[in-house]
Every structure is written in structure tokens, then in C-alpha cells.
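Here the structure is laid out as C-alpha cells; the discussion comes afterwards.
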Amino acid sequence: MTKLAREDLRRLHLVNALFAHVTGQDLYLAEQIKSAITFSLAEFEAQTREHPEFAAQYDAAFNNAAAKLLEDSFSHLPRHGFFHWDATSTLTAAEPLFARAELMTGLKRLTPFRESTLLVTNLRPAFLPPDKRQTPKRKERYAESLTYIRELAAARTAPSANLNLLFL
């Protein structure tokens, strides 16, 4: 399987996970949503084919477009809450103190919902930038951050609630 095919499959599974309440886990319907997002980013995708170094930027744009579509189009559904946190939104966003503040804001918004999704994007690039060496210290900070977010979400979510925590 080529790298492009793997990335396309990863995007399909992302859409399927994000829109499961709409698609009912039907991959055909998830493909339709993925195609619509891809169509909206067609010019960027064409540039990515010509310049493979833009692939990370395209992935970030796809993830953000999918999150925005979910937030804008399906926020009217009364049973399902959604919050998107981008760990690279600022230079310090991924640092524990700032991450806690932003994640607590999101978890508070999700409190009224019995089912909700917390989408965390760009956590890996925040700690392990592709243009820098992946030192053991950076890898350790990334692993600690993953654990911290999981534990925070578990501690601040009601036992009766179903929180889907997605990392992209």
C-alpha cells in the first residue's frame, strides 16, 4: 500500500469516527463526507501532489476542515457535544498549564451532553516537530502529555457520560 493510499485510508477512518452518529459506521457515507472535504481543498491537494513537502500542511487543513464541518453542521444535534482543541494554535498551547485551561473549557462545554467528542489535533507536531530531531526528552514530554490529557478527561467527565477522545 502506498503512502498516499495509507493517508487516504487514515482520513476515511477519521471521518468515520467523527461522523459516526451521522453515518452509522457506514464507510460509503463516510467516503461521501471525505470527498466533500477533499473537494473543498482541491487546489491545496493539487499543490501537494506537485510538492510532497506540503503533505503535513494538507493533513492539518483536512483535519481542521473536518472538525469545522462537524462543529458547524451538526452542532444542532441535542444529544452529542463536540469540542476541538488544536495544540499548535499558539506557541504555548501544548504546555501543561495552558493545555489544562483550554481543555477544561472544552470539558465544561461538553458537560451537559450524555455523548460527546473531544478532538485533539496537532499534539504530536507540538512536541515532536518534523523539522527537529526527536530526542528522548521530546518523546517523553509527548507521552506525558497524552497521559495527562487522558487522565484529565477521565477525571472531569461524569461516569454516566460517553466521551470519545480522538487524537490526530
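The values are calculated or read from the model by the stated rules, or taken from the named source; none is laboratory data. None of these values were measured; they are calculated from a predicted model. Cβ coordinates were reconstructed from backbone atoms using ideal geometry, including for glycine residues, and neighbour counts include every protein chain displayed. Side chains included, ligands, DNA and RNA excluded: accessible areas come from the protein's heavy atoms. Shrake-Rupley method; radii C 1.70, N 1.55, O 1.52, S 1.80 Å.
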Requested in this report: Consider only pairs whose beta carbons are under 6 Å apart and that are at least six residues apart or on different chains; among these, list those whose first residue lies in region 116-145 and is without any contact (Cβ under 8 Å) to a residue 40 or more places away in the chain and whose second residue is assigned to a loop (DSSP other than H, G, I, E, B) and crowded, with 20+ Cβ neighbours inside 10 Å.
Outcome: A126/A87; A126/A94
Query raised in the report: Residue check: is A93 among the small types (G, A, S), outside any helix (DSSP H, G or I) and either open to solvent by less than 90 Å² (accessible area, probe 1.4 Å) or over 18 Å from E71 (Cβ atoms) (or both)?
Result: yes
Query raised in the report: Looking at region 106-146, which of its residues are exposed (fewer than 12 other Cβ atoms within 10 Å of the Cβ) and among the polar types (S, T, N, Q)?
Result: T135
Report task. State yes or no: is A153 over 27 Å from A5 (Cβ atoms) and assigned to a loop (DSSP other than H, G, I, E, B)? Result -> no
**Report entry** Which listed residue is more than 22 Å from A66 (Cβ to Cβ) and within 17 Å of the chain's Cα centre (by Cα), from F98, F167, F127
**Finding:** F127
Report task. Can you tell me which residue within region 147-166, out of those that are touching a residue at least 24 places away in the same chain (Cβ under 8 Å) and open to solvent by 60 Å² or more (accessible area, probe 1.4 Å), is nearest to R10 (Cα to Cα)? Result -> N164
